[in-house]
1. Using alpha-carbon pairs under 8 Å, 6+ residues apart, how would you state the relative contact order of the range 112-294 in percent?
2. To test your reading of the geometry: what angle, between 0 and 90 degrees and rounded to tens, separates the Cα axis of helix 255-264 from the longest principal axis of the chain?
3. If you plug each phi of the range 44-54 into the Karplus form 6.51 cos²θ - 1.76 cosθ + 1.60 with θ = phi - 60°, what whole-Hz ³J(HN,Hα) values come out, in order, with x for Gly and Pro?
4. Give me P(r) over the chain, computed from all C-alpha to C-alpha distances, binned every 20 Å, as integer percentages.
5. So what is the relative contact order for the chain, in percent, with contacts set as C-alpha pairs under 8 Å and at least six apart?
6. Can you give the angle from 0 to 90° between the axis of helix 167-176 and the longest principal axis of the chain, with both taken from C-alpha atoms, to the nearest 10?
7. How far is helix 303-321 tilted off the main Cα axis of the chain, in degrees rounded to 10, range 0 to 90?
8. If you average the C-alpha positions of the range 16-92 and of the range 179-231 separately, how far apart do those two centres end up, in angstrom?
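Read the figures in this text as sums done on the coordinates, not as results from a lab. What you are looking at is a predicted structure, and each value in this text was computed from that prediction instead of being measured. Here the Cβ is made from the backbone with ideal geometry for all residues, glycine too, and neighbour counts use every protein chain on show.
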Amino acid sequence: MSEPRGTASDRPVRVAVCGDLAPEVLERAYRMAPANVELRVADLARDLDGALAVVAESHYIFAIPEGVPTSVVLAADNVKLIQMLSAGYDKVDTRLAIERGIPIALNGGANAPSVAEHTVLLILALYRHLVDQAILVRGGGWKGPAGSSEPNHELPGKTVGLIGVGFIGRAVAARLRGFDVKITYYDVRRMSDEEERELGMSYVDLSELLTESDVVSLHLPLLPSTKHIIGADQLATMKPSAVLVNTARGGLIDEAALTDALESGRLYGAGLDVTEEEPAPVDHPLRRLRNCLITPHTAGPTQENWSRRLDNAFANMARVERGELPEWRIPGSPERR
């Protein structure tokens with residue numbers, strides 16, 4: 001792995017990189033770093049004391065959620081900004097960071113295209129029984145649609161309800177417009193009439209969205225107010241033919257209630273890129289259901305968007321260095337330290 005260029009004297013801006021990032025991602029970060037920036041890896045798993053010493057000497061933290069536990073926030077005496085490389089921040093001790101006056105910023109939608117693609121992928125895979133059919137053929141079998149007891153479905157004419165319309169929710173809407181679907185949304189902050197027209201979406205309350213949608217897709221942060229936003233009561237109001245997709249955070253869904261709905265046929269299918277516990281236990285009941293597709297939290301990272309994430313991180317750092325406010329701050333986060 002390449003070492004950061006420069007020395008402490010000619011690189012006054014120090015950045016602690018926190019979290020288990022792949023070597024190629026770190027290499028890219030080193031290549032993209034401005035000349036006056038020193039990147040240092042804070043490896044909490046291998047050397048906790050050394051990692052916290054790196055954080056204590058740093059002006060910025062670039063991190064994935066697992067990289068910012070309480071110990072890191074406590075050590076961040078000189079940190080001006082915790083810059084997430086992800087859209088999620090539920091594992092970050094945000095309360096302590098806010099108390100200490102440290103702003104926290106997200107990645108500015110850098111991974112929105114990839115998560116949106118994965119969302120549409122899960123919908124289509126469920127409607128076309130893609131995984132089962134591919135496994136059948138790979139095992140030597142062959143069954144055409146006429147001989148199948150599980151008919152395929154198509155998207156045109158369906159209603160897709162998006163819960164949450166931040167960067168990712170809007171990217172999903174943009175990709176669905178070509179499928180000739182009706183797109184509705186629910187969010188705590190309603191968009192303007194102009195934005196709704198531009199994105200081809202109409203606002204409905206949550207109960208109506210759940211009742212009327214053929215596909216429900218979740219794009220919310222995990223907060224106390226959103227935990228288990230989809231539980232037994234909500235699932236009971238959905239169409240038996242409906243599909244539920246979650247590429248956000250596992251805790252948004254009561255998984256026991258989802259298992260019951262899928263097993264009983266009260267819900268057609270579910271596509272999950274996230275689970276409450278990750279990795280999902282081997283004996284997780286949702287793993288064995290054919291009408292539930294689970295991918296291992298892989299919707300976000302792509303070769304293309306790591307550069308966008310790092311670009312946004314360095315740009316936000318530069319704003320703070322110029323005395324400007326960082327963009328993409330989480331709710332409640334201070335403007336500056």
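1. Once divided by the residue count of the range 112-294, the mean separation gives 20 percent.
2. Helix 255-264 sits roughly 20 degrees off the main axis of the chain.
3. Running phi through 6.51 cos²θ - 1.76 cosθ + 1.60 with θ = phi - 60° gives 5, 6, 8, 8, 4, 4, x, 5, 5, 5, 4 Hz.
4. 29, 52, 19, 1
5. Reported relative contact order: 17 percent.
6. Once rounded, the angle reads 40 degrees.
7. Result, in degrees: 40.
8. Each part reduced to its Cα centre gives a spacing of 34 Å.
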